[in-house]
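I have placed the structure first, in the form of structure tokens, so that the comments after it can refer back to it.
What follows draws every value from the coordinates through simple rules; no lab data is involved. Not measured: the values here are computed from a predicted model. When we count neighbours, we look across all protein chains shown, and the Cβ atoms used for this are built from the backbone with ideal geometry, even at glycine.
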Amino acid sequence: MLSRNKWIALRMSLVPVLLVLVLVISACAGAPPTEQPAVEEPAVEEPAVEEPTAVVEEPAAEGEVFRVAVIMPSAINDLAFSQSMYDALVAIQEEMGGADKMELVYSESMFVVDDAAAAIRDYASQGYDLVIAHGSQYGSSLREIAPDFPQTSFAHGTTVDTFTEDGISNVFAYEAASDQGGYVNGVMAGKLTKSNVVGVVGPIETGDAKLYVDGFVAGVKASNPDAEVNVNYIGSFSDVALAAEAANTHIAAGADVLAGTAQMVVGAIGVAEEKGALWFGTQASQTSLAPDIVVANQVYDWTVVLREMISLIAEGTYGGQAYAITLENGGLLMEYNPDFDLPADVRSLADETVQGIIDASISIDLD
């Protein structure tokens, strides 16, 4: 056995060793709390990884992505009024850099005005920068809705009414000087008719429809004073069956050349093709529907006014301006069917007429 003194000495010699062991054990036991935050730290910082996405989206909320909604009375491929605006908006979207720079949504076939009004208000509530009500029939709805959304721009046509007299400052208006292309088409029709009878299928006697019809009639009379021009307004922009019936009536009366305006003309074009009558179109290109009998089209290019509107909106002007597309500013384009054998002298006369309207040497008499 160890003596007392040796036992005490042994215990004393073990104290440093025990102290070292305690420190080691304490250090090991304390490591997890020190290292745990380090392990969890990436998880805590995960939201920071997503921050760039939020930063990218923030400018969009401030207007970097220009948002446009359009309400149309017919389909986007109606070969007439609605398609003319839709095609122009798609072209503007491409100019601005695609969908990342300009969002485009639409409501088509909104021939019921109350339904269109609901769509207009809904788009404005969603924060669209420009809401286009493509039809003068939507004017009363805009007058009511626009004051509720002073930071939203609205536009409608064809009309010149911006409602500024009502204290409204966020509505643009646009119209087409459709009598100009109508006159050019009429000049050609007067030269091409063999029966000296020309028929016109009109929708409702208002707006750019009436302007086109009146211009067309004036053009026929200018190039062929002996021609008889019969005009029939069917009372509808969209009734295809009535348009077809009107076309049949014109042909039965001896017409060998027809013209018309609005989306319902697809019915009249079908009859013209079946009966072998020539056709002159307006608003959008209608050549693809009947390439054998369509001679030419007056095509609306609304990009001319859309650029102006968007530029003003970017500067903080939300409305109050009215615009017109014309042959001179390029908003009206004459398209000749390349597959139709248009006599050279008639084409030359048409080109001269376009230039005459632009330089004002030709005055269109709509009386």
(request) Report the paramagnetic label zone for residue 91: residues of region 314-333 whose backbone N is under 18 Å from a point 7 Å from Cα along the Cα-to-Cβ axis. (result) 323-333
(request) Please work out the C-alpha center-to-center distance from region 253-299 to region 202-225 and express it in whole Å. (result) 15
(request) Mind checking region 285-366 for GluC sites (Glu not before Pro) that DSSP puts in a loop (not H, G, I, E or B) and that have at most 13 other Cβ atoms within 10 Å? (result) 315
(request) Kindly provide the trypsin sites (Lys or Arg not before Pro) of region 140-197 that DSSP labels as loop, not H, G, I, E or B, and whose Cβ sees at most 14 other Cβ atoms within 10 Å. (result) 194
(request) Scan around residue 263 for amide H atoms under 5 Å from its own, H built in the peptide plane at 1.01 Å from N, and keep only partners 5 or more places away or cross-chain. (result) 81
(request) Quick one: net charge around residue 335, please, counting Lys, Arg +1 and Asp, Glu -1 for every other residue with C-beta under 15 Å from its C-beta. (result) -3
(request) Provide, as a two-decimal number, the C-alpha radius of gyration of region 207-319 over 2.2 N^0.38 Å, N being how many residues it has. (result) 1.27
(message) Calculate the FRET efficiency for residue 348 and residue 308 from the Cβ-Cβ distance with a Förster distance of 30 Å, rounded to the nearest 0.05.
(response) 0.35
(message) At 20 °C and a viscosity of 1.002 mPa s, what translational diffusion coefficient does Stokes-Einstein give for region 66-176, taking Rh as the Kirkwood radius over Cα pairs? Give it in µm²/s as a whole number.
(response) 155
